[in-house]
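**Q** Dropping the structure in here first, questions after.
Taken together, the values in this text are just the output of simple stated rules run on the coordinates, not laboratory data. Every value quoted in this text rests on a predicted model; they were computed, and no experiment measured them. With ideal geometry, Cβ positions are generated from the backbone for all residues, glycine too; neighbour counts draw on all protein chains shown.
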């Protein structure tokens, strides 16, 4: 029974994390004006239209912020947290409101962690492709996605000769943020609920 529960949890986590990823990708693509003529961007749109279109009718955008898409990403993380607790035989429906605040906080931390991971891997892939194939069709998407972050870092970090060190510094900073703050905070909140 425990094996089945673990397999089900793995499946749910994989699906909901991937859904969070595509919803957040769509949100950041729209926010940063990534060209949607690219195949990668079109794939993200086609994977998320089933939920984004109906939710947009209820929750409109706030200027450049596509709130509905962002909330869908957050909702996937909230659903993942609830499913994880439910599969752990946690009495979800008889707990006080304080526990629900922690559940909402865990979902928020999960959403932030996946957002950081999106930019982390975009910078990493862009750095690798700049050496291997800088004119790949996905390059415009990666450039639009990473340019705001790398431009910010370039204000403080000068180039070493002809080598731009900002991708490396960002990757290290993002990893440190995930490993030292976000993941431990999420784990501590989760443990405080279960104990």
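**Q** Given only helices, namely DSSP H runs of n ≥ 4 each adding -39500 (n - 2.57), what is the per-residue ellipticity at 222 nm of the chain, to the nearest 500 deg cm²/dmol?
**A** -26000 deg cm²/dmol
**Q** Also, I was wondering about something else. Could you work out how much longer the chain between residue 58 and residue 82 gets when fully extended? Use 0.36 nm per residue separation minus the Cα distance between them, nm to one decimal.
**A** The span from residue 58 to residue 82 would gain 6.3 nm if fully extended.
**Q** Let me ask something additional. Going by alpha carbons, how many degrees (0 to 90, nearest 10) lie between the helix axis of 67-87 and the longest principal axis of the chain?
**A** 40 degrees
**Q** Here's a follow-up. Taking every alpha carbon pair in the chain, what does the distance histogram look like in 5 angstrom bins from 0, in percent?
**A** Reading upward from the zero bin: 1, 7, 13, 16, 17, 15, 13, 9, 5, 3, 1, 0, 0.
**Q** Further question: If each of residue 50 and residue 121 carries a label point 7 Å out from its Cα toward its Cβ, how far apart are those two points in nm?
**A** Simple spin-label model gives 2.0 nm for this pair.
**Q** Taking the chain as the reference, fit the longest principal axis to its C-alpha atoms, fit the long axis of helix 97-132 to the helix C-alpha atoms, and give the angle between the two in degrees, 0 to 90, nearest 10.
**A** 30 degrees
**Q** Right, here's the next one. What do you get for the angle between helix 139-154 and the principal long axis of the chain? Use alpha-carbon atoms, 0 to 90 degrees, nearest ten.
**A** Approximately 90 degrees, to the nearest ten.
**Q** I would also like to ask the following. Pulled fully out, how much extra length does the chain show between residue 131 and residue 36, if you take 0.36 nm times their separation in residues and subtract their Cα-Cα distance?
**A** Net length gain for the segment: 31.7 nm.
**Q** Next up: Compute the normalised compactness of the stretch 88-195: alpha-carbon radius of gyration over 2.2 N^0.38 Å, N being the residue count.
**A** For the stretch 88-195, the normalised Cα radius of gyration is 1.44.
**Q** Given the Cα-Cα distance of residue 9 and residue 176 and 0.36 nm per residue of separation, how much length would full extension add, in nm?
**A** Additional length available on full extension: 57.4 nm.
**Q** With each label point set 7 Å from Cα along the Cα-Cβ vector, what nm distance links residue 102 and residue 183?
**A** Each label point is offset 7 Å from its Cα along the Cβ direction, giving 2.2 nm.
**Q** With springs only between Cα atoms under 10 Å, which of 173, 136, 48 fluctuates most in a Gaussian network model of the chain?
**A** For the chain, modelled as a Gaussian network with Cα springs under 10 Å, the answer is 136.
**Q** A further question on this structure: Is the shape of the stretch 126-166 best called rounded, prolate or oblate, per the rule: a/c under 1.5 gives rounded, else a/b larger than b/c gives prolate, else oblate, with a ≥ b ≥ c the square roots of the Cα gyration tensor eigenvalues?
**A** Judged from the Cα gyration tensor, the stretch 126-166 comes out oblate (a/c at least 1.5, b/c at or above a/b).
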